[in-house]
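J.: Take this structure, written in structure tokens, and hold onto it; I'll ask about it next.
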Amino acid sequence: MAESLLQASRQRRAKAMTAAAGSAGRAAVSLLLCALLAPGGAYVLDDSDGLGREFDGIGAVSGGGATSRLLVNYPEPYRSQILDYLFKPNFGASLHILKVEIGGDGQTTDGTEPSHMHYALDENYFRGYEWWLMKEAKKRNPNITLMGLPWSFPGWLGKGFNWPYVNLQLTAYYVVSWIVGAKYYHDLDIDYIGAFRLLVLQIWNERTFDSDYIKVLRRMLNYQGLQRVKIIASDNLWEPIAASMLLDPELLKVIDVIGAHYPGTHTVKDARLTEKKLWSSEDFSTLNNDVGAGCWARVLNQNYINGYMTSTIAWNLVASYYEQLPYGRCGLMTAQEPWSGHYVVESPIWISAHTTQFTQPGWYYLKTVGHLEKGGSYVALTDGLGNLTIIIETMSHKQSKCIRPFLPYFNVSRQYATFILKGSFSEIPGLQVWYTKLGKPSERFLFKQLDSLWLPDGSDSFTLELQADELFTLTTLTAGTKGSYPVPPRSQPFPRIYKDDFNVAPNFADQTGVFEYFTNMEDPGEHRFTLRQVLNQRPITWAADAYNTISVIGDYKWSNVTIKCDVYIETPQTGGVFIAGRVNKGGILIRSARGVFFWIFANGTYRVTGDLAGWMIYALGQADIRAKKWYTLTLTIKGHFSSGMLNGKPLWTNVPVNFPKNGWAAIGTHFFEFAQFDNFYVEAMG
């Protein structure tokens with residue numbers, strides 16, 4: 001590598017004397033030799049005294065509430081294009097790590113993801129879309145690291161308690177079975193598991209850990225021949241897990257990585273004293289505009305500089321859920337319209353590329369990294385074989401606020417920075433240059449390759465002019481690419497007329513409960529294929545799941561709508577189902593959702609409420625209804641009034657509705673109970 005660069009340097013000696021980048025896109029930014037510029041800060045990049053910590057990669061999370069829910073519904077070729085932007089090496093984000101939720105049937109931010117074991121004797125390793133997503137990621141990057149982490153757990157593990165540690169062996173078996181199933185059914189090797197969050201197996205997302213459980217999990221993994229699967233804990237804060245590890249030699253031995261969420265680029269002394277790998281195992285969580293991109297650029301560098309964290313993982317991978325759910329568009333890119341095929345490659349994709357396309361897990365940080373004199377930071381990594389990658393960020397305070405934690409004020413100003421290459425890097429004759437500028441549209445560039453920086457023979461330094469909100473990557477690697485596809489279809493609202501007989505993937509987003517395709521063997525006719533709510537027990541919750549099950553669909557802006565659906569109550573006497581319109585909340589706020597809810601019950605009654613919880617009763621009465629029979633419900637909402645029909649005949653009319661003004665359509669059940677839905681139809685009139 002060094003010889004080829006040296007030859008190129010001799011051929012381009014004249015160009016080295018100007019070394020300007022303006023012709024490639026930034027006339028105001030000069031990459032000049034240090035001898036030609038006024039003095040500024042000087043920074044040595046040297047491996048003579050050894051290297052820093054091993055780099056473990058940059059990744060993102062699919063999960064924490066069905067954040068990839070709509071992605072699987074995208075038509076081709078757009079679905080594959082989105083996946084390429086996320087995972088294909090040297091193309092887009094080129095992620096090194098994919099972390100997925102181990103579905104636990106509960107609401108975990110923006111929705112529920114199904115468990116592979118709804119019940120004790122029930123195992124199904126084809127539920128949900130995370131298996132598919134992991135295989136697609138592996139298809140593009142066979143070396144990607146896979147991780148798993150539970151947020152919620154199916155209710156049977158708690159044996160009546162909202163707690164997963166009632167039977168440590170049982171919970172460990174549940175998690176290990178997910179890893180074994182990933183390999184047996186999908187040929188997926190999980191690398192880490194959370195004790196709770198997984199593959200690197202992780203423990204329990206942002207909740208209390210149990211030291212004994214972690215030890216049991218390690219023993220069970222080993223018993224199953226899964227010694228290679230590592231455990232990361234505790235996916236919350238640095239403490240008390242770090243102190244517990246220092247006080248418990250066995251716990252210290254079985255945990256491979258300490259993972260913290262939203263650490264603000266800092267660790268604590270106890271965590272460093274463990275001498276374990278330190279990861280920001282969930283970070284970012286910020287709107288994917290340029291401020292979010294600035295947040296991501298800053299933490300990717302400073303997590304290591306300030307906190308020795310060798311991996312940073314973004315929540316979330318792709319904003320592929322309805323935008324009005326909590327944390328809308330907090331993904332590296334946006335893909336929330338499978339009905340149109342429209343998606344947006346947002347700026348955090350290209351911020352990621354500045355690091356991921358020019359490093360790999362197994363590289364090492366240099367010891368000589370740090371902050372710039374007038375704001376910003378720089379890191380440098382090497383593969384130990386002569387390659388060097390330098391990433392420099394100058395994100396301003398205003399441009400890089402993450403959604404959490406609070407960011408103390410700092411100032412970034414124009415500066416010259418001289419980088420001096422020492423040790424094995426002193427003979428590098430030139431570097432490829434990639435550049436991003438965030439902020440004003442007239443000055444904005446995303447991941448643009450500039451002219452190469454060539455050092456004349458005998459020189460071991462170069463100087464950059466740096467301004468606020470810039471990101472540079474200087475590297476010996478030449479494989480980087482700003483991948484592109486033809487412009488995707490333009491954005492379109494959810495169709496005003498929508499029909500679903502549940503023979504293909506629906507666009508419903510489960511918010512409490514799990515709604516699955518069901519083959520109804522008892523009805524070989526019209527209702528042979530239905531959508532069934534399959535939980536009859538409340539899960540061990542991570543968030544405040546509602547006591548009713550509900551799945552939403554459509555355009556949040558819908559106001560005047562007609563919703564029609566065939567429904568089937570399976571539970572005699574106590575069972576009940578509903579259809580709804582103008583549902584105004586979802587995700588972790590689902591319990592307080594308002595709207596117009598049309599309920600029927602197996603005891604022969606109906607009810608109209610203004611909220612999911614059923615406290616605001618607009619109308620009620622008797623109806624000829626019983627369990628195990630199909631009924632057709634129709635709900636019409638227009639202006640300030642609503643009406644409902646049962647089997648095509650009016651049941652209630654002109655019930656006043658003053659709030660909310662708009663929201664999703666929805667279906668659901670009274671409690672956690674079996675029920676079926678078919679022939680869903682909605683027509684929106686505005």
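J.: LEU247 to ILE305: FRET efficiency via 1/(1 + (r/R0)^6), r the Cβ-Cβ distance, R0 22 Å, to the nearest 0.05?
T.: Working: r = 29 Å, r/R0 = 1.32.
For R0 = 22 Å, the calculated efficiency reads 0.15.
J.: Excluding residues fewer than 8 places away in the same chain, name every one of the aspartates and glutamates whose C-alpha is closer than 15 Å to that of LYS139.
T.: Those aspartates and glutamates meeting the cut-off are ASP84, GLU130, ASP187, ASP189.
J.: I want the antiparallel fraction of DSSP beta bridges within the chain, as a percent rounded to 5.
T.: Numbers: 112 of 155 bridges.
Antiparallel: roughly 70 percent of the beta bridges in the chain.
J.: In addition: Could you pull the accessible area for ARG329 with a 1.4 Å probe, rounded to 10 Å²?
T.: 60
J.: While we're on this one: What is the packing order of peptides 345-352, 298-305, 126-133, 443-450, taking the mean over residues of other C-beta atoms within 10 Å and listing the highest first? Display every interim value, and only then the final one.
T.: Working: 345-352: 26.1, 298-305: 24.2, 126-133: 19.6, 443-450: 17.6.
Answer by packing, highest mean first, reads 345-352, 298-305, 126-133, 443-450.
J.: Another question, then. How many times 2.2 N^0.38 Å is the alpha carbon radius of gyration of the range 92-196?
T.: Numbers: Rg = 13.9 Å, N = 105, 2.2 N^0.38 = 12.9 Å.
Cα-based Rg divided by the globular estimate yields 1.08.
J.: Step through the table entries LYS499/LYS661; LYS135/LYS482; LYS398/LYS661, compare each Cα-Cα distance with 31 Å, and write down the pairs that go over it.
T.: Listed pairs above 31 Å: LYS398/LYS661.
J.: Using a Cα-Cα cut-off of under 20 Å, which lysines could be cross-linked to LYS269, ignoring same-chain neighbours fewer than 8 residues away?
T.: LYS253, LYS277, LYS367
J.: Tell me whether the range 537-643 comes out rounded, prolate or oblate; compute the Cα gyration tensor, take square roots of the eigenvalues as a ≥ b ≥ c, and use a/c under 1.5 as the rounded threshold. Please list the in-between numbers first.
T.: On the way: a/c = 1.71, a/b = 1.08, b/c = 1.58.
Oblate, since a/c reaches 1.5 and b/c is not below a/b.
J.: Also, quick follow-up: Along the positive direction of the dipole of the chain (beta-carbon charges: Lys, Arg +1; Asp, Glu -1; about the Cα centre), which of GLY52, TYR85, PRO150 reaches farthest?
T.: After comparing all options, I get TYR85.
J.: Taking a probe of 1.4 Å, how large is the accessible area per residue of the range 53-173, in Å²? Intermediate results must be reported in sequence, preceding the final value.
T.: Values: 3410 Å² over 121 residues.
Accessible surface, normalised per residue, equals 28 Å².
J.: Separate question: Would you mind getting me the FRET efficiency between LYS629 and LEU589? Use the beta-carbon distance for r and R0 = 35 Å, nearest 0.05. If you can, show how the numbers build up before the last one.
T.: Values: r = 34 Å, r/R0 = 0.98.
With a Förster radius of 35 Å, E is 0.55.
J.: Let me ask something additional. Each residue of the range 141-150 in order: what ³J(HN,Hα) in whole Hz does its phi give by Karplus 6.51 cos²θ - 1.76 cosθ + 1.60, θ = phi - 60°, with x for Gly and Pro?
T.: 9, x, 8, 5, 8, 9, 10, x, 8, x
J.: Hey, another quick one. Suppose R0 equals 22 Å. What FRET efficiency, 1/(1 + (r/R0)^6) with r the Cβ-Cβ distance, do ARG219 and LEU121 give to the nearest 0.05?
T.: Details: r = 24 Å, r/R0 = 1.08.
So the FRET efficiency works out to roughly 0.40.
J.: Accessible area per residue, 1.4 Å probe, Å², for the range 312-447: what's the number?
T.: Values: 4570 Å² over 136 residues.
That works out to 34 Å² for each residue.
J.: About the Cα centre of the chain, how large is the charge dipole given +1 on each Lys and Arg Cβ and -1 on each Asp and Glu Cβ? Please answer in debye to the nearest 20.
T.: Magnitude of the dipole: close to 1140 debye.
J.: Any chance you could run the full-extension gain for GLN573 through THR519? It's 0.36 nm times the residue separation minus the Cα-Cα distance, nm to one decimal. Show your work: numbers first, answer last.
T.: Values: separation 54, 0.36 × 54 = 19.44 nm, distance 2.43 nm.
Computed gain between GLN573 and THR519 is 17.0 nm.
J.: For LYS138, go through the lysines and keep the ones whose alpha-carbon is under 18 Å away, minus same-chain ones fewer than eight residues off.
T.: Straight-line reach from LYS138, under 18 Å: LYS88, LYS99, LYS183.
J.: Hey, if you put +1 on the Cβ of every Lys and Arg and -1 on every Asp and Glu Cβ in the chain, which of GLY225, GLN511, TYR173 ends up farthest toward the positive end of that dipole?
T.: Selected residue: GLN511.
J.: May I ask you to compute the full-extension gain from GLN227 to ASN90, defined as 0.36 nm times their residue separation minus their alpha-carbon distance, rounded to one decimal in nm? Could the numbers behind the result be given before it?
T.: Details: separation 137, 0.36 × 137 = 49.32 nm, distance 3.16 nm.
So the chain would gain 46.2 nm between GLN227 and ASN90.
J.: Could I have the simple spin-label model distance between ARG444 and ALA613, label points 7 Å from Cα toward Cβ, reported in nm to one decimal?
T.: 4.1
J.: When the accessible area of the chain is computed with all protein chains present and a 1.4 Å probe, what percentage of it is carbon and sulfur?
T.: Details: 13420 of 25060 Å².
Taking all protein chains in place, the chain shows 54 percent carbon and sulfur surface.
J.: For the range 345-470, would you read off the P(r) tail past 17 Å as a percentage of all alpha carbon pairs? Each step should come with its number before you reach the end.
T.: Values: 4962 of 7875 pairs.
The share of Cα pairs beyond 17 Å in the range 345-470 comes to 63 percent.
J.: Would you work out the charge dipole size for the range 323-440 about its Cα centre, treating the Cβ of every Lys and Arg as +1 and the Cβ of every Asp and Glu as -1, and quote it to the nearest 20 debye?
T.: Working: 10 positive and 7 negative charges, 98 e Å.
Computed charge dipole of the range 323-440: roughly 460 debye.
J.: Can you give me the Kirkwood hydrodynamic radius for the chain, using every pair of distinct Cα atoms, in Å to one decimal? If you can, show how the numbers build up before the last one.
T.: Details: mean 1/r = 0.0375 Å⁻¹.
26.7 Å is the Kirkwood radius here.
J.: Just order 111-121, 87-97 by mean Cβ neighbour count inside 10 Å, highest at the front, would you?
T.: Values: 111-121: 22.5, 87-97: 24.3.
Those peptides, ordered most packed to least, come out 87-97, 111-121.
J.: Put +1 on the Cβ of each Lys and Arg and -1 on the Cβ of each Asp and Glu in the chain; which of CYS330, PRO249, GLY423 then has its Cα farthest toward the positive end of the dipole?
T.: About the Cα centre, the residue reaching furthest to the positive side is CYS330.
J.: Helix-only mean residue ellipticity at 222 nm, the chain, DSSP H runs n ≥ 4 weighted -39,500 (n - 2.57), per residue, nearest 500. What is it? List each step's numbers first, then the result.
T.: Values: 11 runs with 113 residues, N = 686.
Helix contribution divided over all residues of the chain: -5000 deg cm²/dmol.
J.: Let me ask something else about it. How many angstrom lie between the C-alpha centres of the range 582-647 and the range 223-255?
T.: 48
J.: Report, in debye and to the nearest 20, how large the dipole of the range 175-334 comes out about its Cα centre when Lys and Arg carry +1 and Asp and Glu carry -1 on their Cβ.
T.: Numbers: 15 positive and 17 negative charges, 57 e Å.
That gives the range 175-334 a dipole magnitude of about 280 debye.
The values are calculated or read from the model by the stated rules, or taken from the named source; none is laboratory data. Note that the structure is a prediction, hence the values are computed from the model and not measured. When we count neighbours, we look across all protein chains shown, and the Cβ atoms used for this are built from the backbone with ideal geometry, even at glycine. Remember, those area values only see protein heavy atoms, side chains included, never the ligands or the DNA or RNA. Shrake-Rupley method; radii C 1.70, N 1.55, O 1.52, S 1.80 Å.
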